[in-house]
Amino acid sequence: MMIILTVLIIIIGLILLGYLFLKLNPAFGRRASGETMEIYKQSGNYAKGRFMNATPTSMAMDPKTLISILRDYMRTNTNRKPARPIGTVTSAVPYAELPDQTVVRWFGHSALMLELEGKTLLIDPMFGKAPMPV
């Protein structure tokens, strides 16, 4: 009886911790302020009180869909790599000498450096207050 009670308390505690984590962690968002909501409502993708994908996208996670996804990952697909190298723009002039040029340097995953209108921005979500998807 004591073991069941201990397990039950642990499960309830984990559920409570999970709930508090999701509610209080800023990475999972808060309700937008009235001013921010007005900006959101101006977006072409905002409809019926929420954002809609520009391209209809199924979010189904039923067993049939999961099996289909796994099958697609395991198949050899010849279209996974481009047929020829993707073109890049190179310049003999260093970027520092092109003040009106917009430059994007991608460092991988979600990190990039944007040079725009004489300003340099380093963008990486890991620099945020809560660097996570978890």
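The values are calculated or read from the model by the stated rules, or taken from the named source; none is laboratory data. Model, not experiment: these values are computed from the prediction. Note that each Cβ is placed from the backbone with ideal geometry, even for glycine, and that neighbours are counted across all protein chains shown. Remember, those area values only see protein heavy atoms, side chains included, never the ligands or the DNA or RNA. Shrake-Rupley method; radii C 1.70, N 1.55, O 1.52, S 1.80 Å.
Between residue 101 and residue 126, how high is the FRET efficiency from 1/(1 + (r/R0)^6) when r is the Cβ-Cβ distance and R₀ = 35 Å? Nearest 0.05. Don't jump to the answer; show the numbers that get you there.
Working: r = 27 Å, r/R0 = 0.77.
E(calc), rounded to 0.05, equals 0.80.
What distance in nm separates the two pseudo spin-label positions at residue 41 and residue 79, each 7 Å out from Cα along the beta-carbon direction?
4.1
Enumerate the whole-percent occupancy of each 10 Å bin, from 0 to the last occupied one, for all C-alpha pair distances of the stretch 1-83.
Histogram of Cα-Cα distances, whole percents per bin: 12, 18, 24, 27, 15, 4, 0.
Skipping prolines and chain starts, which residues have an amide H placed within reach, meaning under 5 Å, of the one on residue 52, given they are 5 or more residues away or on another chain?
46, 47
For the stretch 3-57, with all protein chains present and a 1.4 Å probe, just round the carbon and sulfur fraction of the accessible area to a whole percent.
Numbers: 3370 of 5080 Å².
Roughly 66 percent, rounded to a whole number.
Given a 1.4 Å probe, how much area per residue of the stretch 7-81 is accessible, in Å²?
Details: 7230 Å² over 75 residues.
Result: 96 Å² per residue.
Cross-link candidates for residue 23: which lysines have Cα within less than 27 Å, leaving aside residues fewer than 8 places away along the same chain?
Of all the lysines, those that pass the test against residue 23 - Cα under 27 Å, at least 8 places apart if same chain - are 41, 48, 129.
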